[in-house]
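*Asks:* What follows is a single structure, and I will ask about it in a moment.
The values are calculated or read from the model by the stated rules, or taken from the named source; none is laboratory data. Just so it is clear, the structure is predicted and the values come from calculations on it, not from any experiment. In this analysis, Cβ positions are derived from the backbone assuming ideal geometry, glycine residues included, and neighbour counts consider all displayed protein chains.
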Amino acid sequence: MLRLGKREFGAHEPVIMAIVNRTPDSFYDQGATFRDEPALHRVEQAIAEGAAIIDIGGVKAGPGEEVDAEEEARRTVGFVAEVRRRHPDVVISVDTWRHEVAEAVCEAGADLLNDAWGGVDPRLAEVAARYDVGLVCTHAGGAEPRTRPHRVVYDDVMADILRVTLGLAERAVELGVRRDGIMIDPGHDFGKNTRHSLEATRRLGEMAETGWSVLVSLSNKDFVGETLDKPVKERVLGTLATTAVSAWLGAQVYRVHEVAETRQVLDMVASIAGHRPPAVARRGLA
């Protein structure tokens with residue numbers, strides 16, 4: 001079972017985490033939700049389409065203009081508080097690697113800290129424990145925040161993913177983070193080339209077998225673009241195909257841009273797996 005905020009999710013219950021970027025230079029939407037009103041509309045729409053988690057980020061993942069902790073907090077803290085006021089039951093996640101920002105957003109009402117850079121700030125897990133919030137433990141290959149991989153080599157990429165994420169998860173438990181609030185994430189594209197991310201997907205079952213809830217952040221990423229030779233705006237089909245495979249192999253949480261489309265894919269896979277009945281059943285019964 002996964003427990004985040006006021007929500008509990010069963011072992012076979014797929015969970016959608018909708019991305020809301022509070023940045024002017026997002027790789028996907030180029031700042032469409034940087035201002036408050038468009039961002040709040042995005043939250044409303046994502047919840048209506050089936051998102052249980054809203055993931056708020058104040059810093060672009062890739063290289064770009066320097067954003068210090070003060071500016072990151074300015075972009076996220078007040079927004080977290082407003083989303084909490086409007087949606088008391090939704091799970092609010094914040095994508096940050098900085099403990100100072102983590103503390104401020106937890107004070108504002110966040111339920112989950114999405115540490116996409118693999119514990120580069122060890123104090124972030126301490127904040128998660130102190131505020132009794134969830135934590136995402138990600139494999140980033142030792143990369144510094146906001147850097148791109150360069151000639152990265154692994155003897156066995158999944159072995160390294162397991163070593164890092166399980167180590168981060170167990171450390172978090174030792175610090176006092178609830179076991180049922182922790183997810184492990186293979187970190188597609190982070191510290192990896194396209195072949196590494198494809199292998200991580202192919203072997204995702206090895207992560208699911210550990211018993212930890214697995215989060216995947218696949219949406220429109222470079223490994224999809226390179227695999228299909230498609231620009232950012234033409235990666236939805238590749239993303240959804242990867243989502244279906246990940247669901248079949250046991251991932252539970254999906255960080256996405258396209259909520260409605262992902263919901264259909266996850267429902268279909270869950271029904272094929274026998275975890276969800278068809279929404280209607282008329283064929284051959286009349």
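*Asks:* Suppose we keep only residues that are more than 17 Å from residue 197 (Cβ to Cβ) and part of a helix (DSSP H, G or I) within the range 223-235. Which one would you say is modelled with the lowest pLDDT?
*Replies:* Within the range 223-235, the subset more than 17 Å from residue 197 (Cβ to Cβ) is 231, 233-234.
Now drop any that are not part of a helix (DSSP H, G or I), which leaves 233-234.
On the way: 233: 94, 234: 98.
Per the stated criteria, the residue is 233.
*Asks:* Could you count how many residues in the range 49-69 are farther than 17 Å from residue 146 by Cα, touching a helix residue (DSSP H, G or I) at 6+ places or on another chain (Cβ under 9 Å) and not in a strand (DSSP E or B)?
*Replies:* 3
*Asks:* I would also like to ask the following. Could you list, in sequence order, all residues of the range 241-286 that are over 29 Å from residue 92 (Cβ atoms) and not in a helix (DSSP H, G or I)?
*Replies:* Within the range 241-286, 274, 277, 278, 280, 281, 282, 283, 284, 285, 286 qualify.
*Asks:* In the range 96-116, which residue that is free of Cβ contacts under 8 Å to residues at least 60 places away in the same chain and not in a helix (DSSP H, G or I) is nearest to residue 165 (Cα to Cα)?
*Replies:* Among those that are free of Cβ contacts under 8 Å to residues at least 60 places away in the same chain and not in a helix (DSSP H, G or I), it is 115.
*Asks:* May I ask you to list the residues in the range 206-233 that are within 24 Å of residue 153 (Cβ to Cβ) and under 18 Å from the mean Cα position of the chain (by Cα)?
*Replies:* 207, 216, 217, 218, 221, 222, 223, 224
*Asks:* For the range 155-172, check the following and say yes or no: at least one residue is closer than 17 Å to residue 242 by Cβ and surrounded by fewer than 22 Cβ atoms within 10 Å (Cβ to Cβ).
*Replies:* yes
*Asks:* Does residue 164 qualify as being within 26 Å of residue 54 (Cα to Cα), among the hydrophobic types (A, V, I, L, M, F, W, C) and free of Cβ contacts under 8 Å to residues at least 40 places away in the same chain?
*Replies:* When the stated conditions are applied, residue 164 does not pass them.
*Asks:* Right, here's the next one. Please verify whether the range 32-39 includes one or more residues that are among the acidic types (Asp, Glu), out of contact with any Pro (no Cβ under 9 Å at 6 or more places or on another chain) and either surrounded by 16 or more Cβ atoms within 10 Å (Cβ to Cβ) or within 30 Å of residue 150 (Cα to Cα) (or both).
*Replies:* no
*Asks:* Taking the options 104, 73, 51, name whichever one is crowded, with 18+ Cβ neighbours inside 10 Å, of a type outside the set (D, E, K, R) and in contact with a strand residue (DSSP E or B) (Cβ under 7 Å, 6 or more places away or on another chain).
*Replies:* 51
So that you can scan it fast, the table gives a plain yes or no per residue for (1) over 28 Å from residue 182 (Cβ atoms); (2) surrounded by 14 or more Cβ atoms within 10 Å (Cβ to Cβ); (3) out of contact with any strand residue (DSSP E or B) (no Cβ under 8 Å at 6 or more places or on another chain):
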residue	(1), (2), (3)
229	yes, no, yes
234	yes, no, yes
244	no, yes, yes
250	no, yes, no
254	no, yes, no
257	no, yes, no
270	no, yes, yes
273	no, no, yes
277	yes, no, yes
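*Asks:* Right, next: List the pairs whose first member sits in the range 70-86 and is free of Cβ contacts under 8 Å to residues at least 60 places away in the same chain and closer than 13 Å to residue 35 by Cα, whose second member is among the acidic types (Asp, Glu) and surrounded by fewer than 22 Cβ atoms within 10 Å (Cβ to Cβ), and whose Cβ atoms are under 7 Å apart, counting only residues at least 6 apart or on separate chains?
*Replies:* Every condition considered, the pairs that remain are 79/36.
*Asks:* Hey, another quick one. Within the range 70-79, work out how many residues are touching a helix residue (DSSP H, G or I) at 6+ places or on another chain (Cβ under 9 Å) and closer than 19 Å to residue 29 by Cβ.
*Replies:* 3
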